[in-house]
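Working notes, structure below.
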Amino acid sequence: MQCCDCSDRNRRRWTSFLKSLAGATGDLSSLTAPSWILAPFSLTEFPSYWGEPKEMFAAIADGKTPEERQLLVTRWFLSTLSGQFTRREKETGSEKKPFNPFLGEQFLGSWDGGDLVLNVEQVSHHPPITAYSLENKKKGISLEGNCAQKTSFSARMISVKQVGHGLLRVKLADGSTETYLITLPKLKIEGLWTGKPYVELTETSYIQGSHGLTSTIKYSGAGWVSGTSHTHTTTITSGPGGPTLYTLTGTWTGETKFHKPSKDGKEGHVFLDASVDGMREKVTVRPIEEQGEHESRRAWKAVAEGILSGDYDAASQAKSALENAERQRRRDEQAAGKTFELRLFDKVPNDPEYKRLAHALKFKVRLGPWSALSFGRTSR
Ligand code: CLR
């Protein structure tokens with residue numbers, strides 16, 4: 001067996017960690033993972049992946065018809081996936097465990113000097129839920145969503161169901177708003193026994209437009225015998241299960257092409273090449289010294305530095321200090337008869353548009369317990 005850090009001691013620790021997974025229940029935040037598998041950043045940073053292909057996001061507004069926009073939303077969605085699910089592993093040799101965000105933790109960022117703005121807030125600690133909004137005001141496009149993970153463990157694999165959804169809104173020239181409900185794929189974390197965990201996507205996710213078009217994205221990976229990793233087959237139909245306008249096949253890390261049947265004789269044409277360098281740009285955040293105390297990189301600075309320098313004792317001390325302070329805050333609030341107030345988001349009932357779109361997909365999607373809630377940006 002090959003490990004990232006091959007000492008016998010680490011190997012034994014990793015093996016016993018994996019064995020402990022088999023019986024584990026609950027959320028991933030409760031796992032005490034070996035130090036070399038810790039990532040030096042928090043889960044609140046992850047919504048930034050939605051904004052990385054910023055040109056594709058902006059281009060959604062340029063679609064002339066519902067059909068064109070459905071294709072553009074689908075292209076943007078697919079172009080985020082390699083950032084979301086394979087880049088960390090590629091850059092560091094293995095997927096790692098990010099920090100479990102504290103309640104009210106924020107991640108604020110932007111692209112192009114503020115043309116595209118990201119706001120993230122940890123809106124629940126138990127269970128962990130992250131809310132985010134991404135907005136390109138000039139183009140009239142916004143994405144609002146929340147995400148949480150439900151995990152099941154076996155000795156061979158961690159299986160993660162993403163609970164939550166995104167709602168993308170596009171302001172049209174006539175003043176009306178078009179809405180897209182975006183559901184999220186399931187993940188498998190493989191490669192555990194070789195000490196190099198990586199993500200593969202499975203099953204199906206959807207993009208349901210308010211105009212009635214549906215994108216159905218089916219994921220598959222390298223199978224037992226053959227097959228390529230990170231593959232998808234996407235159909236764009238009028239309504240879930242309706243007649244097919246386009247079929248797109250390929251990998252979400254590389255090329256996706258129009259496949260038969262596709263309208264307008266587009267077969268064989270390239271729809272997206274997700275491997276193109278420079279297509280995704282990482283988010284820009286303010287320098288840590290200028291960040292607020294609730295901002296992720298400032299709050300976790302000492303922990304991140306400990307991990308990056310290999311001083312795991314310092315990292316774990318800083319982490320305990322942060323977590324104890326949080327626990328104390330909750331106790332103080334309770335004693336004062338107060339509850340924690342979110343700063344950026346509010347718990348609001350799902351808007352009727354969301355309900356309508358979710359209803360359109362009802363036989364296909366089982367939304368989790370949080371489907372009854374969404375977190376809207378407050379004006380505070
Ligand atoms: C978070 C929301 C993003 C997409 C995304 C990508 C990778 C996922 C992450 C989400 C949640 C946390 C996650 C991670 C991959 C590995 C990591 C599941 C869904 C877990 C916590 C790490 C476990 C590592 C073990 C080897 C210990 O939009």
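Have a look at 171, 138, 186, 150 and point out the one that is near the ligand (Cβ under 10 Å from one of its atoms) and surrounded by fewer than 21 Cβ atoms within 10 Å (Cβ to Cβ). Only one candidate passes the filter, namely 186.
Scanning region 331-350 for residues that are of a type outside the set (Gly, Ala, Ser) and free of Cβ contacts under 8 Å to residues at least 40 places away in the same chain yields 331, 332, 333, 334, 338, 339, 341, 346, 348, 349, 350. Here residue 117 passes the criteria (1) in contact with a Ser or Thr (Cβ under 8 Å, 6 or more places away or on another chain); (2) away from the ligand (no atom under 15 Å from the Cβ); (3) hydrophobic (A, V, I, L, M, F, W, C); (4) not in a strand (DSSP E or B) except the one numbered (4). Between 192, 201, which is over 16 Å from residue 234 (Cα atoms) and either under 18 Å from the mean Cα position of the chain (by Cα) or not in a strand (DSSP E or B) (or both)? Just a single option satisfies the conditions, and that option is 192. Of the residues making up region 55-91, those that are under 17 Å from residue 275 (Cα atoms) and more than 16 Å from the ligand (Cβ to nearest atom) are 55, 56, 74, 75.
What about residue 300, is it buried (at least 17 other Cβ atoms within 10 Å of the Cβ), within 22 Å of residue 219 (Cα to Cα) and at pLDDT 95 or above? When the stated conditions are applied, residue 300 does not pass them. In the set (1) away from the ligand (no atom under 16 Å from the Cβ); (2) on the phi < 0 side of the Ramachandran plot; (3) in a loop (DSSP other than H, G, I, E, B), residue 104 fails one condition alone, (2). The set of residues in region 253-312 being within 24 Å of the chain's Cα centre (by Cα) and of a type in the set (Phe, Trp, Tyr) consists of 271, 300. Residues in region 7-48 that are over 20 Å from the mean Cα position of the chain (by Cα) and either of a type in the set (Ser, Thr, Tyr) or modelled with pLDDT of 90 or more (or both): 7, 15, 16, 20, 25, 32, 35.
The residue that is surrounded by the fewest Cβ atoms within 10 Å (Cβ to Cβ), among those in region 263-290 that are farther than 26 Å from residue 108 by Cα and touching a helix residue (DSSP H, G or I) at 6+ places or on another chain (Cβ under 8 Å), is 275. When residue 41 is tested against the conditions (1) within 13 Å of the ligand (Cβ to nearest atom); (2) part of a helix (DSSP H, G or I), the lone failure is (2). For region 208-222, the condition holds for no residue, the condition being that it is within 12 Å of the ligand (Cβ to nearest atom) and under 22 Å from residue 131 (Cα atoms). Against the conditions (1) in contact with a strand residue (DSSP E or B) (Cβ under 7 Å, 6 or more places away or on another chain); (2) in contact (Cβ under 8 Å) with a residue 60 or more places away in the chain, residue 253 satisfies every one except (1).
The values are calculated or read from the model by the stated rules, or taken from the named source; none is laboratory data. Quantities reported herein were computed from a predicted structural model and do not represent experimental measurements. Please note: Cβ atoms are built from the backbone with ideal geometry, for glycine as well, and neighbour counts cover all protein chains shown.
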